[in-house]
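Structure, as structure tokens:
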Amino acid sequence: MFRVPATIAAIFIIAFGGAMISAVYALKATIGFGSIAIGPWTAWPLAQTEQADPYAKAHRARAGQLLLGDAEGLVFFAGNDSSGARLVVECDYVIAGQTPPARFWTLHATDANDALLEVDPAFPSAFHSQNVAKNQNGAFAINVSGNPKTGNWISTGRRYQPFKLVLTLFDTPTAGSSRLIDLQMPEIIRGTCRDG
């Protein structure tokens, strides 16, 4: 008597659960379509515009992130170094070069869930265009490490885990440009690694 309704209920639960899991996975797997990659850096220029695809809109809504307008800025993410190896806290890195033209830029590190890395409050966890020391030609070198470094240094903490770098360009002509692929982005060079 209860066999058919129980079977139908089980099918609905499995279908609904599977749909929820696949939707959450899709939102975590990508920010959306239309990405561009420049070396280790990836950006989604349309993710913050009206032309954004449904995945990009859902990803931003789920993350609760502030959207930048089409000409307001562009966000680049890097989960790998310039050689293609995954960024991990147990290794030291140097971010060297220049950013594309922008009125202001910021750089920080996040974990796999896009949360800021937990570091000692006494250590620097981010840099921006106004507090980074540059060479005479405008190039910079920022050390990214769990160990203190001289010069520009972003602490990644001591908890061993993969991480991402987030470079945000504000008020940049790059955001509305169709020649994004020609941009020069800073390199991410791996240094020494510690045992995990």
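As a summary of the residue check, E50 satisfies the conditions (1) at pLDDT 80 or above; (2) farther than 29 Å from I189 by Cβ; (3) of a type outside the set (S, T, Y) except for the one numbered (1).
Quick one: would you say A96 is at pLDDT 75 or above, more than 14 Å from the chain's Cα centre (by Cα) and either of a type in the set (F, W, Y) or closer than 28 Å to G138 by Cα (or both)? It is true that A96 is at pLDDT 75 or above, more than 14 Å from the chain's Cα centre (by Cα) and either of a type in the set (F, W, Y) or closer than 28 Å to G138 by Cα (or both). Scanning region 145-177 for residues that are of a type outside the set (S, T, Y) and in contact with a Gly (Cβ under 9 Å, 6 or more places away or on another chain) returns G146, G157, R158, R159, P162, F163, K164, L165, L169, F170, D171, A175.
Comparison of A56, A102, A126, A61 shows that the only residue that is under 17 Å from the mean Cα position of the chain (by Cα) and at pLDDT 70 or above is A126.
Filtered by the rule that a residue be of a type in the set (V, I, T), more than 19 Å from D81 (Cβ to Cβ) and surrounded by 12 or more Cβ atoms within 10 Å (Cβ to Cβ), region 114-160 gives V119, V132.
For region 152-165, the set of residues classified as over 12 Å from I95 (Cα atoms) and not hydroxyl-bearing (S, T, Y) consists of G157, R158, R159, Q161, P162, F163, K164, listed by residue number. Scanning region 83-105 for residues that are among the hydroxyl-bearing types (S, T, Y) and crowded, with 19+ Cβ neighbours inside 10 Å yields Y93, T99.
Is there a residue being assigned to a helix (DSSP H, G or I), hydroxyl-bearing (S, T, Y) and modelled with pLDDT under 65 anywhere in region 25-36? Looking through region 25-36, at least one residue is assigned to a helix (DSSP H, G or I), hydroxyl-bearing (S, T, Y) and modelled with pLDDT under 65. Scanning region 161-174 for residues that are crowded, with 19+ Cβ neighbours inside 10 Å and hydrophobic (A, V, I, L, M, F, W, C) yields F163, L165, L167, L169.
The values are calculated or read from the model by the stated rules, or taken from the named source; none is laboratory data. Computed from a prediction, not measured in an experiment: that's the story for all the values here. No Cβ is skipped: glycine too gets one built from the backbone with ideal geometry, and neighbour counts run over all protein chains shown.
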